[in-house]
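Okay, structure first, notes after.
The values are calculated or read from the model by the stated rules, or taken from the named source; none is laboratory data. It should be emphasised that the depicted structure is a prediction, and the values quoted were computed from it without experimental measurement. Cβ placement follows ideal geometry from the backbone for every residue including glycine, while neighbour counts extend to all protein chains displayed. With ligands, DNA and RNA removed, areas are computed over all heavy atoms of the protein, side chains included. Shrake-Rupley method; radii C 1.70, N 1.55, O 1.52, S 1.80 Å.
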Amino acid sequence: MLGSKSQMVSLTSSALEKLNHLNDQYFSASGIETVLKVEAGKPYRKVLEYAASIDPSVILIGDNDQFIHDEKILGSTNTHIITHSGLSLIHI
């Protein structure tokens with residue numbers, strides 16, 4: 001559990017910095033429009049709320065590459081987004 005508001009601000013700033021770095025590395029030169037956000041709450045809810053507000057055609061989301069007995073297992077966040085978004089999901 002986070003101990004203070006300043007810790008939350010620091011973690012949020014660090015997460016956004018990492019997102020910006022990944023965006024620069026993978027998307028900036030491609031011409032793909034990206035939106036970077038860091039929010040508190042259940043990740044799948046935040047993704048679905050934001051998607052509803054912008055009406056995207058596709059949601060692109062990564063994961064932690066979990067495998068059980070050599071089979072890819074989707075985590076609960078990706079499963080919620082796939083089943084509740086009504087949109088295409090590109091899984092990387």
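Can you tell me which of Gly75, Gly62, Gly31 moves the most in a GNM of the chain? Springs connect C-alpha atoms under 10 Å apart.
For the chain, modelled as a Gaussian network with Cα springs under 10 Å, the answer is Gly31.
Take the solvent-accessible surface of the protein heavy atoms, probe 1.4 Å, and return the percent of it on the chain that carbon and sulfur atoms account for.
After summing per-atom areas, the C and S share lands at 55 percent.
Quick one: accessible area per residue over the chain, 1.4 Å probe, rounded to a whole number of Å²?
With all protein chains present, the chain gives 79 Å² per residue.
If a/c stays under 1.5 just call it rounded; otherwise compare a/b with b/c (prolate if a/b is bigger, oblate if not). Do that for the chain, with a ≥ b ≥ c from the square roots of the Cα gyration tensor eigenvalues.
Values: a/c = 1.41, a/b = 1.20, b/c = 1.18.
It comes out rounded by the Cα gyration axes.
How far apart, in nm, are two points set 7 Å out from the Cα along the Cα-to-Cβ line at Lys5 and at Ser28?
With each label point 7 Å from Cα toward Cβ, the separation is 3.3 nm.
When Lys and Arg each count +1 and Asp and Glu each count -1, what net charge do the other residues less than 15 Å away from Ser10, Cβ to Cβ, add up to?
+1
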